[in-house]
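Have a look at the structure below before the remarks.
We did not get these values from a lab; they are worked out from the coordinates using the rules stated. On a predicted model such as this, the values are computed, not experimentally measured, just so you know. Note that we place each Cβ from the backbone using ideal geometry, even for glycine, and neighbour counts take in every protein chain shown.
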Amino acid sequence: YEGGLFLFDVQFPADFPRTPPVLYFHSWTGGIGSLLELVEHMARARLRVLASEQHITAAVEFLIQVLISVQSLILVAEPYYNEAGFEKFVGTDEAAVNSPVYTEKAYMLSLRSINHILANPPRPFESEVDRWYFAEGMLRRVLERARAVVARSEESPQIRLGTREHIGVVESVSTGALKLTKVR
């Protein structure tokens with residue numbers, strides 16, 4: 001999810017915290033899947049838990065806790081294991097294949113989402129999009145990384161899943177994903 005910009009709409013009901021807020025995650029992937037498949041599910045579950053706790057007294061404190069939960073539960077090196085019941089596959093041959101494929105999919109969807117956000121900056125966040133991708137140089141870093149991934153993938157078309165040097169880091173992509181990078 002490196003370089004991605006994540007936007008949420010949160011509506012706090014009048015009887016908050018008795019009733020949890022409504023959360024909506026904006027995912028712009030061109031209809032080919034959710035960027036963060038777990039975000040809404042996990043965040044909604046966390047919203048229900050946090051809303052029921054007595055120590056939550058302010059909407060701001062509550063929202064900060066939700067965002068920290070999303071970050072710690074979802075924005076991790078190997079998001080595959082956050083799928084319900086998948087933690088039991090840690091260290092298995094099945095996970096050695098499935099986890100990198102899942103991470104590759106997340107990477108490709110992240111790039112698609114970034115492309116959409118740049119082409120259609122969501123209102124009223126145009127200045128945040130500009131600052132994040134241009135003033136802070138994130139777009140340059142995303143493009144450098146994507147070019148490096150494509151170059152490694154073209155050099156070595158045989159992807160050896162489960163042998164990446166850095167767990168959770170996309171070092172190269174499959175032939176199918178590589179073809180997606182060539183589509184204009």
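Listed values, structure above:
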{"item": "Subset of segment 96-142 (residues that are polar (S, T, N, Q), within 14 Å of Trp28 (Cα to Cα) and either without any contact (Cβ under 8 Å) to a residue 40 or more places away in the chain or part of a helix (DSSP H, G or I) (or both))", "result": "Ser110, Ser113, Asn115"}
{"item": "Selection from segment 88-118 of residues that are of a type in the set (A, V, I, L, M, F, W, C) and in contact with a Phe, Trp or Tyr (Cβ under 7 Å, 6 or more places away or on another chain)", "result": "Val90, Ala95, Ala106, Ile117, Leu118"}
{"item": "Count of segment 78-91 residues which are surrounded by 12 or more Cβ atoms within 10 Å (Cβ to Cβ) and not in a helix (DSSP H, G or I)", "result": "2"}
